[in-house]
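Asks: Structure below; questions to follow.
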Amino acid sequence: MPAAHQELQQRFAAFLDRDLQKDLLRFTTAGSVDDGKSTLIGRLLHDSKSVYEDQLSAVKKSRINRAAGPIDFSLLTDGLRAEREQGITIDVAYRYFATARRKFIIADTPGHEQYTRNMATGASTADLAIVLIDATQGLLPQTRRHAYIASLLGIPNVLAAVNKMDLVDYREDIFLQLQSDFFTLAAQLGIPNVLSVPISALEGDNVVSSGSRTPWYQGPTLLEHLETVPLRPAASIDAVRFPIQYVIRPDSAFRGFAGQVASGVIRPGDAVIALPSGQRTRVHSIVTYDGEIAEATHPLSVTLRLADQIDLSRGDMLVSPHGSPRVSRHFQAMVVWLHRQPLERGKSYLLKHTVRTTRAQAVAIQHRVNVHTFAHEPAQRLEMNDIASVEFESSSPLFFDPYERNRTTGSFILIDPLSNATVGAAMLGENQLETSSPSSTSEFHPQALAPTPVTAAERFTRHGHRSAIVLAEGRLVLASLLERALFQRGYEVLLATAADAHSPEQFLVLARGTQAAGLILICSPAALDSSAKQALNTLAADDFLDLAAGHLPADDQAALEKILLRFESLRIHNASGRPDKVN
C-alpha cells in the first residue's frame, strides 16, 4: 500500500474517532407563533453549512417561498405541506448537524397554542431550550407557557433569543428591557442558567457570526453558546434503575431480562432488588448483541442474567439495595393536559410509566397554574393546554423518583383507553403525599348520595379490572403464587381453598359474592364435580379460567408466566365497550 494512501487512511480513522468523541447537545425551540423559530433553525443550518445543495436549491425554487430574499429559511424545517401553506410549524421537526466542537439534535417545535402538546414532546429530551422573543411584541402568553413547560421538564439551560432586532433598528434599550423581563420570568420559574442574545434570524445577526449592527453586544453568538454550554448528566442519581421491558427465554438454559438502564451503573456481581416482590438477587452477567460486557450505564439497552430464578415480568424493576425508589399507588404529579377532552376527576385512564402500563384515575386536582401570573387557582377539571398539580391513584404501584433527579422514572403519560390517544404528560414531584389512600382528600357529603346501586362499570373504574373466577383444582401452590402475583400487580384477588369452603355449594356462594363485588376469585378445592364446575363457568361467563383445561406446564413458575399474560385482558375493553375475554 502506498505511504500516501496509508497516511490518508490513518487521518480518516483519526477524524472518525474525534467525531465519535464529540458531545451531543439536544436542544429545542420554544415561544409564541411567528416568533421566527423555524427561520432561526433554517438560518443556523444554512450558515453552519449543514444544508445539502439539492435541498437548498429545492427551497429556492419553491413556489411557497415567502421570503423577500432568495430563500425562506423556515422551509428548511417545515416539512409538511400544511406547514408550508399556512406558514406555521405543526409537527416537531428534528434536524441534525455538527460543528468542529459538538454534535447537535434540534427539535423545532410549534408555537401555536393548539400544538402545545408537540412542544412538550420535543422538549422532553432536551438539554437546552431556545426561547424566542419577538422584539416587536415582547413576552406573549404562549412564550410564558412554553417557558413554564421548559422549567417543568427540568431543562437546566435556557437561551432567550430576542429575534427580529432588524425590525426595531437594533436598539439596545429594547433588547435590555426584554432581557430584564425574561430574567425576571426565569427567576420566578427557578430556571438556573439563562443567557440572552439579540439576533435577527432573517438577516443572520449573532446567529453564527457576530453582527456588525449590534456593536453594543459583546456576548457570544447563539452558536457559540450552543457549542460551549455545559451538559448535564443524563440521570442525577447513582442508584440503579432497570425497568424490565421483556423476558427473553429462547431455551431452558437461558433466562434474561431485557431493558434500558435508566440510571446507575450495573456490573456482574452487583446486588439488586426486584420490585414489586422485594426479592434480592445478584447480577450474573450482562449480555448484548456483541456478547457479554463488564458494565452497563444509562442509556444502554442490555439483557441481564440473574444469579437466582426469581419471578419477573414486563413492568417490574431492578433497583439498588441503597437509594430505593418510592413505591406507591397514590402520588402527586404536575400534568400538562394535551387533549380536547378535559381531564375529569374519577375517570379511568391508562397510565404508562417506564414500560409499565396500569389503570389510574385523578382523585383530586390540587391547583391549576395561571400561565400569566403563575398563581395557583382551584379547578374541577383540566382543559387542553392547562397545567396543574393532580393527585392520582393507580391500580398497580409505581416505582418512581422525582423528575428533577431522574427523567425516566419521574415521568409518565396518560392514555385514553378507548381512543388510545395520549391525553396528558406528567412529572412526579419531590414532595409526595404521605398517605397511600385518597380518602383524606376525597369529599364525602352524605346528603348528596342518591339511592342508586353501584354498577359493574363503576366497580371496573374503582378496581381497574373486571371480575373473574379461576379454578385451580389440585394445584394449591400455583394458586398461591397466582394470588400473590396478581395482588402485587394491583388486582383485587382472593384465594379460597378447601379449608375456606368445605363443599361445592360454599364455593358457589363465595363466588357469587366476589363476582358481585368485582373481585377475582381463585378456587383451589381438593376436587369439584362437573356440575359445580359448570355452575362456576356459567356464573363467570367469559371470565372463567380452568387451569386444568389450559394445558399448562407442570412447573408452577412456568405456568404462572403464561397465566399472567392472559390476565392483562381483564384491564381492557374492546371498541364496543364489551370486555375482551380472559382466555
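The values are calculated or read from the model by the stated rules, or taken from the named source; none is laboratory data. Note that the structure is a prediction, hence the values are computed from the model and not measured. In this analysis, Cβ positions are derived from the backbone assuming ideal geometry, glycine residues included, and neighbour counts consider all displayed protein chains. The area values use the complete protein model at the heavy-atom level, side chains included, leaving out ligands, DNA and RNA. Shrake-Rupley method; radii C 1.70, N 1.55, O 1.52, S 1.80 Å.
Asks: Label points 7 Å out from Cα along the Cβ direction at HIS322 and ALA14: separation in nm?
Replies: Result: 4.3 nm between the two label points.
Asks: Could I ask something else about it? How far apart, in nm, are two points set 7 Å out from the Cα along the Cα-to-Cβ line at ALA541 and at ASN420?
Replies: 2.5
Asks: How much length is gained on full extension from ARG340 to THR136, taking 0.36 nm per residue of separation minus their Cα-Cα distance?
Replies: On the way: separation 204, 0.36 × 204 = 73.44 nm, distance 3.15 nm.
Full-extension gain reported as 70.3 nm.
Asks: Could you rank the peptides 95-102, 471-478 by their average count of other C-beta atoms within 10 Å per residue, with the highest value first? Write down the numbers at each step before the final one.
Replies: Values: 95-102: 14.0, 471-478: 19.1.
The most tightly packed comes first, giving 471-478, 95-102.
Asks: Now a separate question. Can you list residues from other chains, or at least 5 along the same chain, whose modelled amide H is less than 5 Å from the amide H of GLY424?
Replies: Sorted by chain and number, the residues that satisfy this are LEU338, LEU414.
Asks: Compare the Cα positions of ILE248, GLY291, LEU275 along the charge dipole of region 236-321 (+1 at Cβ of Lys, Arg; -1 at Cβ of Asp, Glu; about the Cα centre) and return the one farthest towards the positive end.
Replies: Of the listed residues, the answer is LEU275.
Asks: Can you work out the Karplus-derived ³J(HN,Hα) for every residue in region 377-388? Use 6.51 cos²θ - 1.76 cosθ + 1.60 with θ = phi - 60°, whole Hz, and x for glycine or proline.
Replies: My calculation for region 377-388 gives 10, x, 8, 9, 7, 10, 9, 4, 6, 5, 10, 8 Hz in order.
Asks: Please get the size of the charge dipole for region 265-416, origin at its Cα centre, with Cβ charges of +1 on Lys and Arg and -1 on Asp and Glu, quoted in debye to the nearest 20.
Replies: Details: 17 positive and 16 negative charges, 49 e Å.
For this selection, approximately 240 debye.
Asks: How much FRET efficiency would the formula 1/(1 + (r/R0)^6) give for ALA98 and ARG381, where r is the Cβ-Cβ distance and R0 is 51 Å, rounded to 0.05?
Replies: Numbers: r = 46 Å, r/R0 = 0.90.
For ALA98 and ARG381, the calculated efficiency is 0.65.
Asks: Which ³J(HN,Hα) values, rounded to whole Hz and listed in residue order, are derived for region 405-416 from phi using the Karplus coefficients 6.51, -1.76 and 1.60 in 6.51 cos²θ - 1.76 cosθ + 1.60 with θ = phi - 60°, glycine and proline given as x?
Replies: After applying 6.51 cos²θ - 1.76 cosθ + 1.60, I find 9, 7, 5, 6, 7, x, 9, 7, 10, 10, 10, 6 Hz.
Asks: Whole-Hz Karplus ³J(HN,Hα) for region 243-256, in order, using 6.51 cos²θ - 1.76 cosθ + 1.60 and θ = phi - 60°, x for Gly and Pro?
Replies: Coupling constants for region 243-256: x, 7, 9, 7, 9, 9, 9, x, 7, 5, 8, 10, 9, x Hz.
Asks: Does region 454-566 classify as rounded, prolate or oblate by the C-alpha gyration tensor (a ≥ b ≥ c root eigenvalues; a/c under 1.5 gives rounded; else a/b over b/c gives prolate, otherwise oblate)? Write down the numbers at each step before the final one.
Replies: Values: a/c = 1.67, a/b = 1.12, b/c = 1.49.
Oblate, because a/c is 1.5 or more while a/b does not exceed b/c.
Asks: Tell me, what is the 1.4 Å probe accessible area of LEU494, in Å² to the nearest 10?
Replies: Number for this one is 70 Å².
Asks: Another question, if that's okay. Rank these by accessible area, largest first, 1.4 Å probe: THR28, THR357. All intermediate terms of the calculation are to be shown ahead of the outcome.
Replies: On the way: THR28 0, THR357 65 Å².
Of THR28, THR357, the descending order of accessible area is THR357, THR28.
Asks: State the Cα centre-to-centre distance between region 33-48 and region 270-303 in whole Å.
Replies: Each part's Cα centre sits 43 Å from the other's.
Asks: Sticking with this one: Would you rank ASP311, ASP238 by solvent-accessible area, highest first, keeping every protein chain in place and using a 1.4 Å probe? Working shown, then result.
Replies: Values: ASP311 30, ASP238 135 Å².
If we order ASP311, ASP238 from most to least accessible, we get ASP238, ASP311.
Asks: Name the residues whose placed amide hydrogens come within less than 5 Å of the amide hydrogen of LEU202, ignoring near sequence neighbours (fewer than 5 apart) on the same chain.
Replies: Here the answer is LYS164, since their amide H atoms fall under 5 Å of that of LEU202.
Asks: Let me ask you something else. Could you order TYR94, TYR491, TYR217 by accessible surface area, starting with the largest, using a probe radius of 1.4 Å? Kindly include the intermediate steps, with their values, before the conclusion.
Replies: Numbers: TYR94 115, TYR491 5, TYR217 35 Å².
If we order TYR94, TYR491, TYR217 from most to least accessible, we get TYR94, TYR217, TYR491.
Asks: With r as the distance between the Cβ atoms of PHE487 and ASP555 and R0 = 22 Å, compute the FRET efficiency 1/(1 + (r/R0)^6) and round to 0.05. Could you put the intermediate results ahead of the total?
Replies: Working: r = 21 Å, r/R0 = 0.97.
After rounding, the FRET efficiency stands at 0.55.
Asks: A follow-up question, please. Please list, in chain and number order, the residues 5+ apart from ARG489 or on another chain whose amide H is under 5 Å from its amide H, with Hs placed from the backbone.
Replies: The answer is none.
Asks: Which values, in whole Å and largest first, are the semi-axes of the equivalent ellipsoid of region 315-368 obtained as the square root of 5 times each eigenvalue of the Cα gyration tensor? Could the numbers behind the result be given before it?
Replies: Details: eigenvalues 133, 36, 21 Å².
Ellipsoid half-lengths, sorted descending, are 26, 13, 10 Å.
Asks: Further question on the same structure: Determine the alpha carbon to alpha carbon distance for each of LYS49/LYS103; LYS533/LYS562; LYS103/LYS352; LYS103/LYS164; LYS37/LYS103 and list only those over 24 Å. Intermediate results must be reported in sequence, preceding the final value.
Replies: Numbers: LYS49/LYS103 14 Å; LYS533/LYS562 22 Å; LYS103/LYS352 31 Å; LYS103/LYS164 27 Å; LYS37/LYS103 20 Å.
Checking Cα-Cα distances, LYS103/LYS352; LYS103/LYS164 exceed 24 Å.
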